[in-house]
Amino acid sequence: MAFNDHRDFFQVLEREGELARISREVSWDLEVGAIGRRTYERQGPCLLFENIKDYPQGFRISNGTTGTWSRVALALGLPKDTSVREIYRVYEEKLEKKLPPNTLTRNNAPCKENIMLGDDVNLYKFPSPMIHEGDGGRYIGTWDAVICKDPITGWTNWGMYRFMVHTKNWLTGWPQSTSQLAMIFKEKYLPKNEPMPIAIVIGADPISHIMATHPFRPQDNEAEHAGGMRGKPMDLVRCETSDLMVPAHAEIVIEGHLMPDKIAPDGPFGEYPGYRSGTMCDGVAVKVSAVTYRNDPILTMIALGTPPDDSSIAASMSAGIAMKQGLLRHGIPVTDVYVPPEGVTHLIIVGVKKGGTEVARRVLDYFTARRVMTNKHIVVDEDVDVFNMAEVLHAFATRCHPGTGIAYEWYEGRSNSLTPFYSPDERSKLKGVSVVFDSTWPPSWPREIIPIKASFKTIYSPEVQEKVVNNWQKYGLK
Ligand SMILES: Cc1cc2nc3c(=O)[nH]c(=O)nc-3n(C[C@H](O)[C@H](O)[C@H](O)COP(=O)(O)O)c2cc1C
Ligand SMILES: [Mn+2]
């Protein structure tokens with residue numbers, strides 16, 4: 001089933017017992033954030049806040065669209081109890097399909113039901129949440145999709161980046177220098193001192209947001225991937241004040257220009273590694289030229305923080321599949337990559353057909369070749385289920401040789417400044433270090449010296465296994 005928007009998806013979530021409507025009045029100032037955070041930590045439902053203090057009825061906030069595996073499964077059209085391995089597999093398979101989008105006229109586009117233009121733009125019309133204590137301000141863009149275009153090639157990029165309300169018609173944000181938005185801006189607009197049109201899309205269909213978290217390669221088109229993944233072309237409509245195309249069923253679309261000659265303070269914010277670690281920094285400044293929105297708009301939110309949440313579940317999966325494809329392109333014999341939510345994309349599990357220190361080294365090289373976003377990598381043999389952290393930890397504990405199985409690599413100028421354990425000095429120099437834990441058997445070992453794993457499936461002959469399984473109930477066991 002292809003969802004057009006969050007409203008379609010919420011109907012399914014409600015039917016599946018995965019949505020809670022909160023009709024009691026709640027404050028946008030920390031209360032919705034705190035409720036959202038506590039709900040994630042209890043692995044609770046997606047939330048729809050229907051009554052926000054200081055705002056008229058109809059202006060709503062949601063939290064946690066795909067913040068559990070069951071909701072990721074439902075977004076992909078799978079049963080909610082689908083295994084994580086199967087969810088990864090289906091996601092990877094559906095990435096192969098691309099469908100070109102449809103263009104809707106503005107009369108047929110729900111996101112144009114209300115339009116604010118020019119001097120009438122007032123971002124305070126929306127109940128932007130103050131999500132965490134200590135945040136630099138009210139973040140209107142958290143579970144969003146930010147659209148911009150390369151003016152030379154026409155390539156349109158979507159990415160998920162945070163945006164904070166600065167004044168009634170200015171936003172600030174912090175697209176990292178490695179983000180495709182920052183790269184297009186730096187290469188194609190800054191040299192000419194030109195403002196870059198952008199559109200911040202809030203509350204499109206659930207798949208579109210996952211596509212915005214996926215680190216696609218340049219020139220890859222997220223709108224086509226979203227269509228392919230949903231099995232139904234995206235409906236797009238042209239912006240009012242630029243030629244960018246945006247999802248027509250979005251709840252709120254903020255149109256504006258990223259300014260080449262201005263900076264504005266952004267952050268701090270409770271970030272995806274699960275800490276408020278940064279301070280206020282020089283962010284980008286966006287002058288808002290229009291806001292279009294549906295009647296009774298839903299402002300989609302992620303009360304970002306410690307796992308699990310949409311970032312460590314849905315976005316870690318999209319990152320993991322992109323890593324798997326990258327490793328395979330580099331000729332590394334990868335079977336699966338898993339990005340465990342608890343590791344917040346700092347810890348990566350890589351399963352390989354053939355291991356050893358050389359392969360582990362190549363894995364480390366892949367992850368440290370350019371800007372580095374990860375720092376710990378565990379490489380395991382094919383017999384270990386990468387999605388089962390009990391098996392991964394067992395392999396790490398029993399197969400990683402502390403003297404010869406650990407390799408690390410230092411670098412400067414390209415580490416991830418949001419890595420909590422780096423010192424202030426390391427962060428300022430973007431100095432970092434990454435490690436690989438080779439938890440595979442040395443490929444040079446002959447079979448007979450490889451210890452036999454003492455599990456039911458591996459240490460008994462098929463005959464003994466079959467006999468025991470067949471007689472299980474006769475033993476009086478369930
Ligand atoms: C909730 C959430 C918030 C994010 N915020 C930012 C951000 O503010 N800046 C940034 O550079 N990346 C941010 N990211 C990571 C990007 O979404 C991710 O790198 C994505 O690949 C960006 O798209 P791009 O590859 O087109 O640049 C965020 C991810 C998530 C899940
Ligand atoms: Mn992108």
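Helix 31-41 and the longest principal axis of the Cα set of the chain meet at an angle near 20°. Selection among Asn295, His257, Asn388 by position relative to the dipole of the chain gives Asn388 as farthest towards the positive end (Cβ unit charges, Cα centre). Per-residue extension of 0.36 nm, minus the Cα-Cα distance of Glu342 and Tyr411, leaves a gain of 22.3 nm for this segment.
When a/c reaches 1.5 or more, the comparison of a/b and b/c decides; with that in mind, is region 85-301 rounded, prolate or oblate per its Cα gyration tensor? Since a/c stays below 1.5, the shape of region 85-301 is classed as rounded. Computed from backbone phi, the HN-Hα couplings of region 365-373 come to 4, 4, 6, 10, 5, 10, 4, 9, 10 Hz, rounded to whole numbers (Karplus: 6.51 cos²θ - 1.76 cosθ + 1.60, θ = phi - 60°; Gly and Pro given as x).
Against the main long axis of the alpha-carbon atoms of the chain, helix 6-15 sits at an angle near 50°.
Normalised size of region 150-190, defined as Cα radius of gyration per 2.2 N^0.38 Å with N residues, equals 1.29. Once the gyration tensor of the Cα atoms in region 175-275 is diagonalised, the equivalent ellipsoid follows with semi-axes of 24, 18, 15 Å, ordered largest first.
The mean of 1/r over all distinct Cα pairs in region 332-383, once inverted, gives the Kirkwood hydrodynamic radius of 11.2 Å. Legend: translational diffusion of the chain by Stokes-Einstein, Rh = Kirkwood radius over C-alpha pairs, 10 °C, 1.306 mPa s; D = 67 µm²/s. State log₁₀ I(q)/I(0) for region 287-410 at q = 0.09, 0.15, 0.20, 0.22 Å⁻¹ as given by the Debye formula over alpha-carbon point scatterers of equal weight, solvent excluded. Once normalised to I(0) and log-transformed, intensities are -0.32, -0.71, -1.15, -1.35.
Report, in deg cm²/dmol and to the nearest 500, the calculated mean residue ellipticity at 222 nm for the chain, where each DSSP H run with n ≥ 4 adds -39500 (n - 2.57) and the sum is divided by the residue count. Show your work: numbers first, answer last.
Numbers: 13 runs with 118 residues, N = 478.
Taking each H run of at least 4 residues, the total per residue is -7000 deg cm²/dmol.
Treating r as the C-beta distance of Ile152 and Arg42 and R0 as 60 Å, the FRET efficiency rounds to 0.80. Computed from Cα atoms, the angle from the helix 316-329 axis to the main principal axis of the chain rounds to 60 degrees.
Restricting the count to DSSP beta bridges whose residues both fall in region 1-160, what percent are antiparallel, rounded to a multiple of 5?
Values: 7 of 13 bridges.
Taking every DSSP beta bridge with both residues in region 1-160, the antiparallel ones total about 55 percent.
With the alpha-carbon atoms of region 318-474 aligned to their principal axes, the span from lowest to highest coordinate is 65, 34, 29 Å, starting with the largest. The slack in the chain from Asn388 to Gln11, taken as 0.36 nm per residue of separation less the alpha-carbon distance, amounts to 132.5 nm. Packing around the peptides 234-240, 207-213, 193-199, taken as the average count of other Cβ atoms within 10 Å per residue, puts them in this order, highest first: 207-213, 234-240, 193-199.
Converting phi to 3J(HN,Hα) with the Karplus coefficients 6.51, -1.76 and 1.60 and the offset θ = phi - 60°, region 234-250 yields 5, 8, 10, 9, 6, 5, 6, 10, 7, 9, 5, 9, 10, x, 6, 9, 5 Hz in sequence order, with x at every glycine or proline.
Computed from the coordinates by the stated procedures, all read-outs in this text should not be read as laboratory data. Just so it is clear, the model here is predicted, and its values are computed rather than measured. All Cβ positions, even for glycine, are placed from backbone atoms using ideal geometry, and neighbour counts span all protein chains on display.
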